[in-house]
1. So the check is Cβ under 9 Å with 6+ separation or different chains; which pairs have a first residue in the stretch 31-45 that's at pLDDT below 95 and a second one that's assigned to a helix (DSSP H, G or I)?
2. So which residues in the stretch 65-83 are outside any strand (DSSP E or B) and closer than 27 Å to Ser446 by Cα, if there are any at all?
3. Please state which one of Asp245, Asp213, Asp202 is farther than 27 Å from Asn340 by Cβ and not in a helix (DSSP H, G or I).
4. For Glu167, are the conditions met, namely being within 30 Å of Gly74 (Cβ to Cβ), assigned to a helix (DSSP H, G or I) and of a type outside the set (Lys, Arg)?
5. Look at Leu443 and say whether it is buried (at least 23 other Cβ atoms within 10 Å of the Cβ) and modelled with pLDDT of 95 or more.
6. Restricting to the stretch 320-359, name every residue that is modelled with pLDDT under 95 and more than 29 Å from Ile210 (Cα to Cα).
7. Of everything in the stretch 101-137 that's among the aliphatic types (A, V, I, L, M) and assigned to a helix (DSSP H, G or I), which residue is surrounded by the most Cβ atoms within 10 Å (Cβ to Cβ)?
8. Pairs under 8 Å by beta carbon, first residue modelled with pLDDT under 85 in the stretch 465-478, partner surrounded by fewer than 24 Cβ atoms within 10 Å (Cβ to Cβ) and basic (Lys, Arg), six or more apart or different chains?
Amino acid sequence: MRNRTIPTALLLSLLFGCLPRTTAAQASSKTPELFSYEELVQLYEQKDPPESLQNKLNLLLTTPFVSNAATARGVRPLLPHSPKLGKFLRVVEWNIERGLEYEAIKSAFGDQQTLSRLMDPAHHPRGSEKRRQVLNQAALMKQADVIVLNEVDWGMKRTEYRNVAAELATALGMNYAYGVEFVEVDPIALGREPFEELSEEDRKELGAEIKVDTALYKGLHGSAILSRFPLENVRLRPFSFQAHDWYADELKSISPVEKGKRKAASLVLQEKIRREVRRGGRMILTAEITDSQLPGGRVTIVATHLEDKTKPEGRRKQIEELLAQLADVKTAVVLAGDLNTSTGDGTHTSLKREIKNRLGSKSFWLKQGLSLLTGIKLPSVAVGGINTYRKQSDPTVRSIPLVAKNAEAEFFERIKEFRFNDGGAFDFRGERERSVDLRSAVLANSNQRGEKGFITTFEVERTIAFVGKFKLDWFFVKPPALTDPEAKNQPFMFAPHFGRTLKVLNESIEDRISDHAPLMVDLPLAEPRL
């Protein structure tokens with residue numbers, strides 16, 4: 001796929017650079033205007049919308065929504081304590097797949113009664129060890145004071161028109177910052193796709209399935225930071241380098257098969273389901289959390305979601321741009337997100353999962369029993385052997401030319417070699433006593449390793465052996481006193497400890513809570529006693 005830079009993104013970048021830093025007191029008065037349904041249709045139909053509409057889009061994609069209502073109500077951070085770490089900050093990262101399973105997501109943060117009700121009884125019978133493990137992981141999640149979320153909907157039919165970030169923050173008693181990544185204007189999302197390749201009966205039924213409430217439809221999708229600390233200096237910046245044009249490229253994606261739709265109606269339908277026409281692009285959402293107990297009184301939280309529809313060099317360019325933006329940061333930093341480190345050109349899922357992602361419901365497809373649901377698109381390297389396995393479970397592994405090439409390795413080298421202007425570095429350490437399951441390899445303190453490689457965080461609906469499982473989601477932490485990313489003799493205050501991947505919790509309901517498992521890491525506020 002050809003990498004492209006969206007011209008609009010350059011305009012957004014310039015606009016963003018002129019915006020002032022947003023303080024907690026100012027945030028509530030700086031909210032951008034949302035689109036009407038008619039304007040969203042216009043954003044789909046017109047490649048070059050009127051200047052007033054383009055300016056409205058630019059502002060929405062560069063201005064975060066921020067609420068510190070929890071702090072105003074007197075909410076304080078939990079900052080749990082353990083014998084090994086003393087008092088610590090717990091952070092969670094989770095790609096929640098739009099928020100499709102909202103009740104399960106909410107209950108995963110400690111609502112054991114609701115989670116028990118939602119749990120799959122066939123695989124998690126009452127009194128079983130597996131059920132106990134699920135509830136234990138939910139209890140751990142409940143102690144998180146900062147939560148970074150990717151793929152967060154606002155005003156989409158598939159997620160019942162919820163403002164997922166705001167509702168979840170209210171339910172958990174937290175402040176939040178939300179950054180719009182995409183405005184969803186695909187005809188399926190807008191409820192306007194005619195599906196002319198189907199029979200009249202199926203067109204009518206599917207038309208009813210995708211019909212939207214135009215008064216409730218907002219079409220927003222992005223990332224969020226939830227926090228029990230006040231959120232200050234919240235900033236939203238689209239990447240200048242967009243590796244995939246989610247408007248122009250997605251519009252073009254179906255044109256080759258449209259010509260032969262009379263002969264391949266099911267192929268056209270599959271392409272339409274996988275297609276997502278959007279305005280916007282990948283972005284960086286940053287916020288500073290403040291409290292006298294934090295190192296230096298404040299910590300910078302960075303939430304990002306890198307491109308999946310690109311080759312590894314596209315993601316490398318985006319991480320280099322992100323690092324350049326962070327160079328002047330003098331505080332401790334927690335960088336978290338779905339970085340899509342699949343080691344290839346995009347990740348693949350089943351068509352059934354794509355339908356759930358687009359429509360939020362599988363009822364039409366289950367009723368029809370269309371044959372196209374029976375297949376699964378796996379990577380073309382399904383028989384690639386040991387190198388495929390080593391890269392999927394550990395995309396950080398060294399690239400060996402001609403023998404075991406890993407195009408993603410350079411991505412991690414860039415992060416490890418990066419130095420902030422104050423000399424600080426991201427922590428790549430991995431020591432047995434500071435890692436879950438006593439693993440001792442690179443990044444094991446911040447991201448859970450398994451017997452071989454990392455515990456994978458994403459997998460397709462059905463896998464063949466190890467194929468279709470990926471480590472896509474990551475934590476990278478800059479402690480306040482670390483200058484060498486692998487130095488074992490440097491301080492461990494606010495350094496990552498006991499990074500976990502909570503797959504048991506994620507797989508507790510039928511069809512999983514999300515296609516990504518949540519991650520967790522603990523950051524001690526003083527030198528730990530290990």
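1. Listed by first residue and then by second, the contacts come to Pro32/Lys56; Pro32/Leu59; Pro32/Leu60.
2. So in the stretch 65-83, the residues outside any strand (DSSP E or B) come out as 68-80, 83.
Arg76, Pro77, Leu78, Leu79, Pro80, Pro83, listed by residue number.
3. Details: Asp245 fails: farther than 27 Å from Asn340 by Cβ; Asp202 fails: not in a helix (DSSP H, G or I).
Exactly one residue qualifies, and that residue is Asp213.
4. Numbers: within 30 Å of Gly74 (Cβ to Cβ): yes; assigned to a helix (DSSP H, G or I): yes; of a type outside the set (Lys, Arg): yes.
Yes.
5. Numbers: buried (at least 23 other Cβ atoms within 10 Å of the Cβ): yes; modelled with pLDDT of 95 or more: yes.
So Leu443 fits the description; yes.
6. Within the stretch 320-359, Ser342, Thr343, Gly344, Asp345 meet the criteria.
7. Step one: list which residues in the stretch 101-137 are among the aliphatic types (A, V, I, L, M), which gives 104-105, 108, 115, 118-119, 122, 134-135.
Applying the additional criterion that residues be assigned to a helix (DSSP H, G or I) yields 104-105, 108, 115, 118, 134-135.
Numbers: Ala104: 21, Ile105: 21, Ala108: 28, Leu115: 25, Leu118: 18, Val134: 26, Leu135: 17.
Of everything passing the filter in the stretch 101-137, Ala108 is surrounded by the most Cβ atoms within 10 Å (Cβ to Cβ).
8. Gly468/Arg462
The values are calculated or read from the model by the stated rules, or taken from the named source; none is laboratory data. Because the structure is a prediction, the values reported are computed rather than measured. Ideal geometry is used to build each Cβ from the backbone, glycine not excepted, and the neighbour counts take in all protein chains shown.
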